[in-house]
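A.B. asks: Sharing a structure with you now.
What follows draws every value from the coordinates through simple rules; no lab data is involved. Because the structure is a prediction, the values reported are computed rather than measured. Note that we place each Cβ from the backbone using ideal geometry, even for glycine, and neighbour counts take in every protein chain shown.
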Amino acid sequence: MSWRRGVSRTSAINEMFGPNTKPSRELMGRFHQVLEYNDGKRVLHKVGRFLGDRLTHRNRWVRAMRETTVPMRLINGPLDPNSGAHMARRYAEVIPDADVVMLADDIAHWPQIEAPGEVLKHLFAHVDRVG
């Protein structure tokens, strides 16, 4: 991996965390291990394709969520630039009786890493309620 790409990738990952929940050097190393494992970085473009897929499959995916009988809960990091508070608000507009948990104001894209205790608390409460 070139130095420049490594810095760019590190910066991009770092920006996905909240201002008070930045990853440690060790965690960043683990992210890079995952990307390097089995040459995983060569499929990153496929992960990024999800953004286009959201538009292509929007109606089908929204219909499935609106019509499901499976209880759903959205646990959201409000600062997530991809799917933060703005997406949670839209989800609540579109999904009937939406169950949305908004985490602390400084949580972003990686709530399971940034606030694992809170994520588990809300997940277990959901499981207990529907369970």
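A.B. asks: Sum -39500 (n - 2.57) across every DSSP H segment of at least 4 residues in the chain, then divide by the residue count to get the 222 nm mean residue ellipticity, nearest 500.
C.D. replies: Computed mean residue ellipticity for the chain: -16500 deg cm²/dmol.
A.B. asks: Given the options 47, 119, 100, which has the most mean-square fluctuation in a GNM of the chain, springs set between C-alpha atoms less than 10 angstrom apart?
C.D. replies: 47
A.B. asks: Let me ask something additional. Modelled label-to-label distance, residue 32 and residue 20, 7 Å Cα→beta-carbon offset: nm?
C.D. replies: If labels sit at residue 32 and residue 20, their model points lie 2.9 nm apart.
A.B. asks: Candidates [x] -0.61, -0.73; [y] -0.60, -0.80; [z] -0.47, -0.65; which is the computed log10 I(q)/I(0) by the Debye sum over Cα atoms at q = 0.12, 0.14 Å⁻¹?
C.D. replies: Of the labelled values, this structure produces [y].
A.B. asks: Let me check I've understood the local charge: for residue 51, count other residues with C-beta under 15 angstrom from its C-beta, Lys and Arg +1, Asp and Glu -1. What total comes out?
C.D. replies: +2
A.B. asks: For residue 121, give me every one of the aspartates and glutamates with a C-alpha distance below 16 angstrom, ignoring sequence neighbours fewer than eight places off in its own chain.
C.D. replies: Output for residue 121: 99.
A.B. asks: Once the dipole of the chain is set up with Lys and Arg at +1 and Asp and Glu at -1 on Cβ about the Cα centre, which of 85, 37, 24 lies farthest towards its positive end?
C.D. replies: Farthest towards the positive pole: 37.
A.B. asks: What does the charge add up to near residue 115, with Lys and Arg as +1, Asp and Glu as -1, over the other residues with Cβ less than 13 Å from its Cβ?
C.D. replies: -4
A.B. asks: About its Cα centre, what dipole magnitude does the chain give when the only charges are +1 on Lys and Arg Cβ and -1 on Asp and Glu Cβ, stated in debye to the nearest 20?
C.D. replies: It comes to approximately 640 debye.
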